[in-house]
């Protein structure tokens, strides 16, 4: 069991030993990683979703980190507008993005994530990209149980989650900044339930990812170690 790794190119070198199944997007160069690392505060404030000014958005960095460990047929839970991770970062044509809300570009919606519409052992990879805290607390145990059910033995569950204080500030800033532009951020568009959080605590994540048939493997820190990629496998 490994703890969080360092930031920047060290992370990418570590992840590069795993099979890559990137389709449309290409991994960042080491030079781009260095620039993105130095200017992380600028990215956090002004480039959350779309690349710009020669910098990589936070969303794209999360996608890249997860894509490096994804394999085979992927189920992206909470896929968000455009279903972008599945469309741009996965190679298996049977991969699926699923969300509880009908954001623009989401082909498949499903309200009850505690009862997924897939048979047992359907996917090689299940991803939860920056959505852990948005799983209502009352259904977290059954939702992780369902994620494990649809994974094939030897498959991986990949989850990104930030550090609670900065993650909360980021969400509040995004809501305010989007409102200034006359837009709605994803949380405002969908609406937050009473028992949602902006971030799931690490201790809780570890509990879910170490509940059989899941076994926690490692976590990798990125974005100045204010974000983590958690990796678990199905036994």
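Readers should treat all values here as calculations from the given coordinates under stated rules, not as data from a laboratory. Here the structure is a predicted model, which means the values were calculated and not measured. Using ideal geometry, Cβ is built from the backbone for each residue, glycine included, and neighbour counts are taken over all protein chains shown.
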Practice task
Fewest Cβ neighbours within 10 Å first, please rank 116, 169 accordingly.
Solution key: 169, 116
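At a threshold of 8 angstrom on Cα-Cα distance, excluding pairs fewer than six apart, so keeping six or more, what relative contact order does the range 9-234 reach in percent? Walk me through the numbers before you get to the answer.
Details: 397 pairs, mean separation 40.4, N = 226.
The normalised contact order for the range 9-234 reaches 18 percent.
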Problem - Cα centroid of the range 82-102 to Cα centroid of the range 126-186, whole Å - result: 15 Å
Exercise for the section: Assuming a ≥ b ≥ c are the square roots of the Cα gyration tensor eigenvalues, decide whether the range 187-235 counts as rounded (a/c under 1.5), prolate (otherwise, with a/b larger than b/c) or oblate. Expected result: oblate
Handout entry: Using distinct alpha-carbon pairs, which all enter the 1/r mean, Kirkwood radius of the range 104-146 in Å
Key = 11.9 Å
Handout entry: Likely footprinting exposure, 99, 112, 187, fewest C-beta neighbours within 10 Å first
Key = 112, 187, 99
Exercise for the section: List 71, 234 from most exposed to least, where exposure is judged by having the fewest other Cβ atoms within 10 Å. Expected result: 71, 234
Fill in the blank from the handout: Helix-only [θ] at 222 nm, the chain, -39500 (n - 2.57) per DSSP H run of 4+, per residue, nearest 500, equals -9500 deg cm²/dmol
Practice task
Take the chain, connect every pair of alpha-carbon atoms lying under 10 Å apart with a spring to form a Gaussian network, then pick out the residue of 43, 190, 140 with the largest mean-square fluctuation.
Solution key: 190
Fill in the blank from the handout: A correct Stokes-Einstein calculation for the range 90-185, using the alpha-carbon Kirkwood radius, 4 °C and 1.567 mPa s, returns a whole-number D in µm² s⁻¹ of 85 µm²/s
Completion exercise
Honestly the range 112-235 on the Cα gyration tensor test (a ≥ b ≥ c root eigenvalues; a/c under 1.5 rounded, otherwise a/b vs b/c for prolate or oblate) is just prolate
Exercise for the section: Choose one answer from 53, 123, 216: the residue with the largest mean-square fluctuation in a GNM of the chain with alpha-carbon springs under 10 Å. Expected result: 53
Problem - the range 9-234 shape via C-alpha gyration tensor axes, a/c threshold 1.5 - result: rounded
